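Asker: This is the structure I want to talk about, given as structure tokens.
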Amino acid sequence: MDLNTVTSYRLARTRADLALTPGERIVAGGTWFFSEPQVDASGVVDITGMGWSDIEDLPDGGLRVAATCPIATLASLPERPGWRAHPLFFQCATALLASFKIWNVATVGGNICRSFAAASMVSLAVALDAEALIWCPGGGERRVPVAELVTGNGTNTLAPGEVLRAIDFPGHALRARTGMRKIALAELGRSGAVVTGRVDEDGTALFGITAATGWPTVLRYPMLPDAEVLRADIDSAPGYYTDPLGSADWRRAVSAVLADEIRAELAADPGRGW
């Protein structure tokens, strides 16, 4: 897209460089920004020069993923001992309708900040209770679960001047058993529903619904629920919406079916070896 309103470009190298002037926009991979007109933007601040490591280890055995980390890098991350949730990285990345070229340029942080209902990295972060580390203007930082950061299809709680620094995945979630399902009306269509499930080492369970609802739906249980409880909770969840890629009723129905498939899969694997 020829963005004829953009007249300036800066490569940010320090935190001070992230202070924006009117009309400037933060860009990492830019795959969405450069895909359509940006009539309210007059400048680009590129944060790929910040020098953040794509992947860092956390003290609890978890993982810090820089906002500038390409989706392809995370999707191809080598498996580590004890990371039973490792397949989820690639599985959720495939929920993004994109060519290999987009995968190698689009960033984890950019996908989350765009906050579309079908954002694949939101699906991943919700499934694994990931937390967003956000730099605030003028110094300081705040943390918020990604499931709470996203408030609607394309909206979130980021305030003007705030920059997503990283996404932290806790170690206990990476050691959990997981499952994932997705569905679209067309073979190469955008995901109409993405459902994830997780059972932690202590037996607690989580189911996440994205793409089918305008904001992430998170269902938590002290243990893996039975089919009736899970279906009732999914049926009564708010946020299902209708657009050309699926009706609200269809999204609700397929979410329940996909969640039950995951529930059965997790129930058949009692977690031997923990």
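The values are calculated or read from the model by the stated rules, or taken from the named source; none is laboratory data. Treat the numbers as computed from the prediction; the structure is a model and nothing was measured. Neighbour counts run over all protein chains shown; Cβ positions are idealised from the backbone, glycine included. These accessible areas exclude ligands, DNA and RNA; they are computed on the full protein's heavy atoms, side chains included. Shrake-Rupley method; radii C 1.70, N 1.55, O 1.52, S 1.80 Å.
Asker: Among the residues in the range 247-265, are any part of a helix (DSSP H, G or I), open to solvent by 70 Å² or more (accessible area, probe 1.4 Å) and farther than 30 Å from GLY82 by Cα?
Answerer: Yes; the residues of the range 247-265 include at least one that is part of a helix (DSSP H, G or I), open to solvent by 70 Å² or more (accessible area, probe 1.4 Å) and farther than 30 Å from GLY82 by Cα.
Asker: Looking at (1) free of Cβ contacts under 8 Å to residues at least 40 places away in the same chain; (2) in the same structural domain as PRO145 (by the TED database), can you tell me which one LEU164 breaks?
Answerer: Failing condition for LEU164: (1).
Asker: Please enumerate the residues belonging to the range 1-60 that are within 25 Å of the chain's Cα centre (by Cα) and of a type in the set (Lys, Arg).
Answerer: ARG15, ARG25
Asker: Separate question: Taking the range 50-67 only, how many residues are open to solvent by 20 Å² or more (accessible area, probe 1.4 Å) and within 30 Å of THR7 (Cα to Cα)?
Answerer: Filtering the range 50-67 for residues open to solvent by 20 Å² or more (accessible area, probe 1.4 Å) gives 50-61, 64.
Filter once more, keeping what is within 30 Å of THR7 (Cα to Cα): 50-54.
Looking only at that region, the number is 5.
Conditions (1) farther than 17 Å from GLN91 by Cβ; (2) in contact with a helix residue (DSSP H, G or I) (Cβ under 8 Å, 6 or more places away or on another chain); (3) of a type in the set (S, T, N, Q), marked per residue:
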site: LEU124; (1), (2), (3): no, yes, no
site: GLY138; (1), (2), (3): yes, no, no
site: VAL144; (1), (2), (3): yes, no, no
site: THR155; (1), (2), (3): yes, no, yes
site: PRO170; (1), (2), (3): yes, no, no
site: ARG181; (1), (2), (3): no, yes, no
site: ALA186; (1), (2), (3): yes, no, no
site: GLY208; (1), (2), (3): no, yes, no
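Asker: Scan the range 1-49 residue by residue and report those that are of a type in the set (Gly, Ala, Ser), surrounded by 15 or more Cβ atoms within 10 Å (Cβ to Cβ) and assigned to a strand (DSSP E or B).
Answerer: Hit for the range 1-49 is GLY43, nothing else.
Asker: Can you name every residue in the range 148-163 that is more than 17 Å from MET50 (Cβ to Cβ) and open to solvent by less than 30 Å² (accessible area, probe 1.4 Å)?
Answerer: Answer for the range 148-163, where residues must be more than 17 Å from MET50 (Cβ to Cβ) and open to solvent by less than 30 Å² (accessible area, probe 1.4 Å): LEU149, VAL150, GLY152, GLY154.
Asker: In this structure, is TRP215 buried (at least 19 other Cβ atoms within 10 Å of the Cβ), of a type in the set (Phe, Trp, Tyr) and in contact with a Ser or Thr (Cβ under 9 Å, 6 or more places away or on another chain)?
Answerer: Values: buried (at least 19 other Cβ atoms within 10 Å of the Cβ): yes; of a type in the set (Phe, Trp, Tyr): yes; in contact with a Ser or Thr (Cβ under 9 Å, 6 or more places away or on another chain): yes.
Yes, satisfied.
A quick yes/no check of all residues on (1) in a strand (DSSP E or B); (2) open to solvent by less than 10 Å² (accessible area, probe 1.4 Å); (3) over 21 Å from LYS182 (Cβ atoms); (4) modelled with pLDDT under 95:
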residue: PHE89; (1), (2), (3), (4): no, yes, no, no
residue: GLY110; (1), (2), (3), (4): no, no, no, no
residue: ASP129; (1), (2), (3), (4): no, no, no, no
residue: ILE134; (1), (2), (3), (4): yes, yes, yes, no
residue: VAL144; (1), (2), (3), (4): yes, no, yes, no
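Asker: Would you confirm whether or not the range 150-167 contains a residue that is of a type in the set (A, V, I, L, M, F, W, C) and in contact with a Ser or Thr (Cβ under 8 Å, 6 or more places away or on another chain)?
Answerer: So in the range 150-167, the residues of a type in the set (A, V, I, L, M, F, W, C) come out as 150, 158-159, 163-164, 166-167.
Cutting the leftovers down to in contact with a Ser or Thr (Cβ under 8 Å, 6 or more places away or on another chain) gives us 150.
The answer is yes, given that some residue of the range 150-167 is of a type in the set (A, V, I, L, M, F, W, C) and in contact with a Ser or Thr (Cβ under 8 Å, 6 or more places away or on another chain).
Asker: What's the total number of residues in the range 225-246 that are open to solvent by less than 80 Å² (accessible area, probe 1.4 Å) and part of a helix (DSSP H, G or I)?
Answerer: Final tally of qualifying residues: 7.
Asker: Examine the range 179-188 for a residue that is touching a residue at least 24 places away in the same chain (Cβ under 8 Å), open to solvent by less than 30 Å² (accessible area, probe 1.4 Å) and part of a loop (DSSP other than H, G, I, E, B), and state whether such a residue exists.
Answerer: no
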